[in-house]
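The numbers here are math on the coordinates, done by the rules we state, and not lab data. In this text, all values refer to a predicted model and were calculated from it rather than measured experimentally. Here Cβ is always computed from backbone atoms with ideal geometry, including for glycine, and neighbour counts include all displayed protein chains.
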Amino acid sequence: MTVANSPIGLFDSGVGGLTVASAIRSALPSEKMIYFGDTAHLPYGDKSKETIINYSIGITKFLLEKGCKVILIACNSASANAFLEVQEFAGDRALVMNVIDPVIDYVSREIETKNIGVIGTKATINSGTYQNGITKLNPSIEVSSLATPLLVPMIEEGFIFDDISNAIVRSYLSRKELQDIDSLILGCTHYPIIKNQISRFFNFNVNVIDSAKIVAEKLRDELMQKQLLRTDKASGHEFYVSDHTDYFEIIARMFFGEKIDLNKVSLKEEN
Ligand code: DGL
């Protein structure tokens, strides 16, 4: 098998990265994906940098052993805290991408915004990755960040499109940090699952930016540029989790749009 015909590996702490996987399937229909949801360690957003690095390297090792040509960190918390370490670990064995840099490029260069909000996990927001990246590329944009840590467990537990999730979303989005924004970055790959609820809170007056399509297009450009686009049509994607959770399959089917056969694997801790 040539490198180009190898799979794309991607990982997240749970179902969130499936929003990215779904966009990749649309942008790159011939590619095969191997997805890893680290449900045993969810949520990543409350963990230390060191722990997130440790989990991310363990998964990268697994995906490299599966022969992946790309390791896409489909999790903002891991992108913000472990990207350089994963890149170093993978070396020249795979192209490593994260979900934050393409969004920073997009908002800084391609859209009209004066006051942009970012919501994400504590690990993402406290890292300052979005704020620093956007300010560096376009200092005229005002960036306001807010950690919204309840949203990931809420989504993973299946509380979406109901009164509980509406109350939590409302409580976060009415905070003063987000009062004057014209655009909002969903800085967590779980959040596109509730994008409609979020847009509705703002009466559809705020440009809600979800990274999935932006990242999938960036991946397509990179593969094209490096002549790594698959030349045959792959059969079936593979899905792995580190623990079975009740809602993974249900939410996965809802947002990936097809039945997913989950394989459970236990990864050895790196350190
Ligand atoms: N989807 C992950 C992200 O983008 C969620 C992290 C978590 O598990 O807290 O940050």
Next item on the list: Please go through region 1-19 and pick out each residue that is away from the ligand (no atom under 11 Å from the Cβ) and either surrounded by fewer than 20 Cβ atoms within 10 Å (Cβ to Cβ) or within 14 Å of Thr189 (Cα to Cα) (or both).
Entry: Met1, Thr2, Val3, Ala4, Asn5, Leu10
Notebook entry, point to check: Which number in (1) in contact (Cβ under 8 Å) with a residue 12 or more places away in the chain; (2) surrounded by fewer than 21 Cβ atoms within 10 Å (Cβ to Cβ); (3) within 16 Å of the ligand (Cβ to nearest atom); (4) under 25 Å from Asp243 (Cα atoms) marks the one condition that Asp101 misses?
Noted result: (4)
Checklist line | Extreme residue, surrounded by the most Cβ atoms within 10 Å (Cβ to Cβ), among residues of region 164-202 that are hydroxyl-bearing (Ser, Thr, Tyr) and assigned to a helix (DSSP H, G or I) | finding: Tyr191
Notebook entry, point to check: What are the residues in region 61-84 that are away from the ligand (no atom under 16 Å from the Cβ) and farther than 18 Å from Val265 by Cα, if any?
Noted result: Lys69, Val70, Leu84
Check: Under 6 Å by Cβ, and 6 or more places apart or on different chains, what pairs join a residue from region 175-194 that is closer than 24 Å to Asp12 by Cβ with one that is of a type in the set (Ser, Thr, Tyr) and more than 16 Å from the ligand (Cβ to nearest atom)?
Finding: Ser183/Thr113
Note to self: Can you find, within region 20-43, the residue that is farthest from Glu157 (Cα to Cα) among those that are in contact with a strand residue (DSSP E or B) (Cβ under 7 Å, 6 or more places away or on another chain) and near the ligand (Cβ under 10 Å from one of its atoms)?
What the structure shows: Val20
